[in-house]
Amino acid sequence: QTVATCTACDGAGRTPERKCRTCSGGGTELRTEEVPIDIPAGVDAGMTLEMRGGGEAAGRGAPSGDLYVHLRVRADERFTRDGDAIHAQVLVTAAQATLGDRVTIPTVDGDVDLKIPPGTQPGEQLRLKGKGVPKSRGFGRGDHIVTIVIDIPKKLSKRERELWEQLQRAE
């Protein structure tokens with residue numbers, strides 16, 4: 001004994017008098033559709049979003065499947081991301097690092113003023129609390145961490161050289 005689905009009605013128990021031009025009696029239509037997707041703040045590359053009922057249609061009135069969207073996040077040349085933290089570098093002069101200063105730096109929310117404390121060393125990291133990536137699960141944001149890079153001049157004018165030599169003798 002063999003059990004199989006009827007090929008004439010696909011198990012529906014009846015057949016239409018005339019077949020639909022669009023689906024040829026199959027009950028589903030093949031088409032491509034653009035679907036708007038809300039991307040939550042803080043998502044990262046490799047994450048998958050699920051949209052219930054946004055996938056392929058099932059036959060004979062069954063609910064549609066789910067749509068899974070795999071995310072790729074485009075890199076920004078100004079920042080690197082490490083989880084919820086954003087990392088960036090700022091170039092300051094030796095005088096700014098020695099005496100301290102205020103510099104404007106870009107963040108994901110726009111430019112902010114950053115205080116360079118006197119005596120800042122090359123490679124030192126300054127933290128801007130709450131200026132990083134929004135946390136994808138929960139509240140709050142990561143930090144924006146700025147690494148200090150000292151810009152040492154390669155060419156000096158005669159006057160600049162004299163001033164650096166004076167400073168060297170004073171040390």
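The values are calculated or read from the model by the stated rules, or taken from the named source; none is laboratory data. All of these numbers come straight from a predicted model, not from anything done at the bench. Cβ coordinates were reconstructed from backbone atoms using ideal geometry, including for glycine residues, and neighbour counts include every protein chain displayed. Only protein heavy atoms, including side chains, enter the accessible area calculation; ligands, DNA and RNA are left aside. Shrake-Rupley method; radii C 1.70, N 1.55, O 1.52, S 1.80 Å.
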What about Pro122, is it surrounded by 12 or more Cβ atoms within 10 Å (Cβ to Cβ) and in a loop (DSSP other than H, G, I, E, B)? yes
A careful count of residues in segment 128-161 that are of a type in the set (Lys, Arg), surrounded by 12 or more Cβ atoms within 10 Å (Cβ to Cβ) and within 21 Å of Ala95 (Cα to Cα) gives 1
Show the residue pairs that are 6+ apart or on different chains and have beta-carbon atoms under 7 Å apart, the first residue being within segment 137-160 and over 16 Å from Arg78 (Cβ atoms), the second being of a type in the set (Phe, Trp, Tyr) and open to solvent by 100 Å² or more (accessible area, probe 1.4 Å). Leu156/Trp164
Scanning segment 8-34 for residues that are open to solvent by 60 Å² or more (accessible area, probe 1.4 Å) and among the β-branched types (Val, Ile, Thr), the one modelled with the highest pLDDT turns out to be Thr32
Please go through segment 38-90 and pick out each residue that is more than 30 Å from Thr7 (Cα to Cα), in a strand (DSSP E or B), open to solvent by 40 Å² or more (accessible area, probe 1.4 Å) and free of Cβ contacts under 8 Å to residues at least 60 places away in the same chain. Thr48, Glu50, Met51, Tyr68, His70, Thr80, Arg81, Asp82
Taking the condition of being touching a residue at least 12 places away in the same chain (Cβ under 8 Å) and in a helix (DSSP H, G or I), how many residues in segment 93-119 meet it? 5
